[in-house]
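Novice: Okay, here's the structure, questions in a sec.
FYI, it's all coordinate maths here, none of it is from the lab. On a predicted model such as this, the values are computed, not experimentally measured, just so you know. Backbone-built Cβ (ideal geometry, glycine too); neighbour counts: all protein chains shown.
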Amino acid sequence: MFKTIKIGSFAAWKGAPQALGASGGNGRRKTRLTLSPALLAAACLVAFSPSVLAAPPAPLPDSLQVLHWWTSAGERKAVDVLINKLAEQNIQWSDIAIPGGAGTGASKVLKSMVLAGHAPEVTQLNGVVFGEWANLGLLLELDNVAGGWKKLLFPTVWSLINNSGHFVAAPLGIHRINNLYYNQAIFTRLGLTAPTTWAEFEKVAERIRQAGITPLAQSAQAWQLATLFETMVLADTGPAFYRQLFVDVDPQAFADPRLMQVLVHFRGMRQWMAAPVREREWTQVTHDLADGDAAMLIMGDWVKGELNAWGLAADQQFGCTAVPGSAEYHLYSVDTLAMFAGDYSHQAAQEALAQIAMSPGAQSDFNRFKGSIPVWRTPDTSKMDSCSLNSFRTFSKGAAYQVPSLVHRMAADETIKDAIEAEVRRFFVDDRISAADAQRRLVAMARALSKPVR
């Protein structure tokens, strides 16, 4: 029987080669199985039984180590779609699952594995880092199987996975970040409708607070605060200014009075949150919404996938709409799988997984469980709920309405993302830092990190 390996930290992974067997000279792990005398005797009895000798041995499946951070209930259902379809081709998916999201943990594990010569055959990669890995010559080019992808994919997704004319990743789904979720029972009981402006939001939030319920669920984790912040930048200033900040990293944009207004608004959102705002996983914050401890939540649509996995449905137990002021826009992140070339011994299996990822069935089922939408321009929409349909229609409007997420690695590199996240969190939790002080620090940061103009 084959089984997958779940690894919660690099320390746990580091011990895996000793547990499973020594590494081969090419960096690929070889499994060594040690049997006790009793088990050895039992194995011999089985091996020489007539029934076993009469049947040809089943071929051993190829195995792909897959590093990712899809560990919540909804995410695991989505991953199972890929695992099962891969198994149909006699290929084993071997998990290297990093709990806690895409933060520095997953990135550090991946880099450590590559430096140690144990690069996984497959890894979840998001955004601009594709180019960095591909330019090092480490990623398998999927040109053999991706010949017809361009006509199927949204142009934005096609551009993302195309590096110097070669396909370097298999796209899975598109997440919308700028979503407002609300507890339908609370809204119905209080006679509320989903807010479409910030003025309406404040009226709704005040009514909820008067009812003794926390209006807005929120975690103090840096990435979750920065997700709220980037959403508010888009909602309050529009896509052009957003891109000047987070794609161009333009110091003049960071000095603009509009950013000061967003900072003030961002900190002002604390009045609608439970005090103090504590660091919690996004799944815990989602539970606040599901359990009625909080009435609203601003987060990407992986929240919808999680709520669905808990047996809750859109337009029944919860509602979803765009964050006030951002209904015309799609703040996006794209899930993708990249393949490390290594010695090319797994190329056939890697290409098979890439084909599965882009197949109609996998696109439909994976994204239904994940909460996202397919990367196809013309997917099957019959199974989409109202949240997904709204996301799909907005993204389909074209590049002018599509805005790359900074926090989820679509807009800028890891250094810029981490620096802005840290400063945003520091400002949010520390009242001693004024909005003017935070803006000055962000301007200095942009000057230090922005690309020189040639």
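Novice: Past 18 Å, Cα to Cα, is the threshold; run Lys77/Lys304; Lys85/Lys370; Lys85/Lys383 against it and keep the listed order.
Specialist: Violating the 18 Å limit, Cα to Cα: Lys85/Lys383.
Novice: Lys108 to Ser359: FRET efficiency via 1/(1 + (r/R0)^6), r the Cβ-Cβ distance, R0 45 Å, to the nearest 0.05?
Specialist: 0.90
Novice: Here's something else I'd like to know. Using only the Cα atoms of the stretch 316-454, build the gyration tensor, take square roots of its eigenvalues as a ≥ b ≥ c, and label the shape rounded, prolate or oblate: rounded if a/c is under 1.5, else prolate if a/b is larger than b/c, else oblate.
Specialist: Cα axes put the stretch 316-454 in the oblate bin.
Novice: State the percent of C-alpha pairs, over all pairs in the stretch 120-182, separated by a distance greater than 20 angstrom.
Specialist: 30 percent
Novice: Quick check on the stretch 236-374: take the gyration tensor over C-alpha atoms, sort the square-rooted eigenvalues as a ≥ b ≥ c, and tell me if it's rounded (a/c under 1.5), prolate or oblate.
Specialist: oblate
Novice: About its Cα centre, what dipole magnitude does the stretch 317-393 give when the only charges are +1 on Lys and Arg Cβ and -1 on Asp and Glu Cβ, stated in debye to the nearest 20?
Specialist: My answer is approximately 240 debye.
Novice: Additional query: Taking H placed 1.01 Å from N in the peptide plane, check which residues at least 5 places from Thr336 or on another chain put their amide H under 5 Å from its amide H.
Specialist: Leu125, Leu172
Novice: Starting from one equal scatterer on each C-alpha and no solvent at all, send me the Debye-based log10 I(q)/I(0) for the stretch 307-379 at q = 0.13, 0.24, 0.26 Å⁻¹, two decimals.
Specialist: Those come out to -0.59, -1.18, -1.23, one per q.
Novice: Also, quick follow-up: Tell me the chymotrypsin sites (Phe, Trp or Tyr not before Pro) within the stretch 147-187 that lie in a loop according to DSSP and have at most 14 other beta-carbon atoms within 10 Å.
Specialist: none
Novice: Give the peptides 420-432, 353-365, 378-390 in descending order of average Cβ contacts within 10 Å, highest first. Present the calculation step by step, with values, prior to reporting the outcome.
Specialist: Working: 420-432: 17.5, 353-365: 19.8, 378-390: 15.2.
Taking the mean over residues of other Cβ atoms within 10 Å, the ranking is 353-365, 420-432, 378-390.
Novice: Still on this structure, I have one more. Sort out for me the Cα centre separation of the stretch 205-241 from the stretch 335-372, rounded to whole Å.
Specialist: Computed from Cα coordinates, the inter-centre distance equals 33 Å.
Novice: Using θ = phi - 60° and the Karplus curve 6.51 cos²θ - 1.76 cosθ + 1.60, what whole-Hz ³J(HN,Hα) does each residue of the stretch 425-440 get, with Gly and Pro shown as x?
Specialist: 3J(HN,Hα) across the stretch 425-440, in whole Hz: 5, 4, 5, 5, 8, 10, 5, 6, 8, 7, 4, 5, 5, 4, 5, 4.
Novice: Taking amide H atoms as placed 1.01 Å from N in the peptide plane, list the residues 5 or more away in sequence, or in a different chain, whose amide H sits under 5 Å from that of Arg278.
Specialist: Amide H to amide H, under 5 Å and 5 or more residues apart or across chains, Arg278 pairs with Ala220.
Novice: Along the Cα→Cβ direction, 7 angstrom out, place labels at Ala255 and Thr193. What is the inter-label distance in nm?
Specialist: In this crude spin-label approximation the distance works out to 4.5 nm.
Novice: Under a point spin-label approximation (7 Å from Cα along Cα-to-Cβ), what is the Asn90-Gln316 distance to one decimal in nm?
Specialist: 4.2 nm
Novice: Between the DSSP loop rule and a limit of at most 16 other Cβ atoms within 10 Å, which chymotrypsin sites (Phe, Trp or Tyr not before Pro) in the stretch 317-385 are left?
Specialist: Qualifying residues, ordered by number: Tyr344.
Novice: Express the C-alpha Rg of the stretch 83-187 as a ratio against the empirical globular expectation 2.2 N^0.38 Å, rounded to two decimals.
Specialist: Values: Rg = 17.0 Å, N = 105, 2.2 N^0.38 = 12.9 Å.
It is 1.32.
Novice: Would you please calculate the Kirkwood hydrodynamic radius of the stretch 247-290 over all C-alpha pairs and express it in Å, rounded to one decimal?
Specialist: When all Cα pairs of the stretch 247-290 are included, the Kirkwood radius is 13.1 Å.
Novice: In terms of modelled amide H atoms, which long-range or inter-chain residues lie less than 5 Å from the amide H of Ala294?
Specialist: Leu289
Novice: Give, in nm to one decimal, the length gained when the segment between Ala211 and Ala444 is fully stretched (0.36 nm per residue of separation minus the Cα-Cα distance).
Specialist: 79.5 nm
Novice: Compute the Cα gyration tensor for the stretch 228-270, then decide on rounded, prolate or oblate, letting a ≥ b ≥ c be the square roots of its eigenvalues: rounded whenever a/c is under 1.5, prolate when a/b is larger than b/c in the other cases, and oblate in all that remain.
Specialist: prolate
Novice: Quick one: length gained pulling His166 to Leu138 fully straight, 0.36 nm per residue minus the C-alpha distance?
Specialist: 8.8 nm
Novice: While we're here: What ³J(HN,Hα) values, in whole Hz, does the Karplus curve 6.51 cos²θ - 1.76 cosθ + 1.60 give for the stretch 147-159 when θ = phi - 60°, with x put for Gly and Pro?
Specialist: x, x, 5, 4, 6, 8, 7, 4, x, 4, 6, 4, 5
Novice: From the backbone phi of the stretch 258-269, what are the Karplus-calculated ³J(HN,Hα) couplings (6.51 cos²θ - 1.76 cosθ + 1.60, θ = phi - 60°) in whole Hz, Gly and Pro given as x?
Specialist: Per-residue couplings from phi come out as 4, 5, 4, 5, 5, 4, 5, 4, 4, 5, x, 5 Hz.
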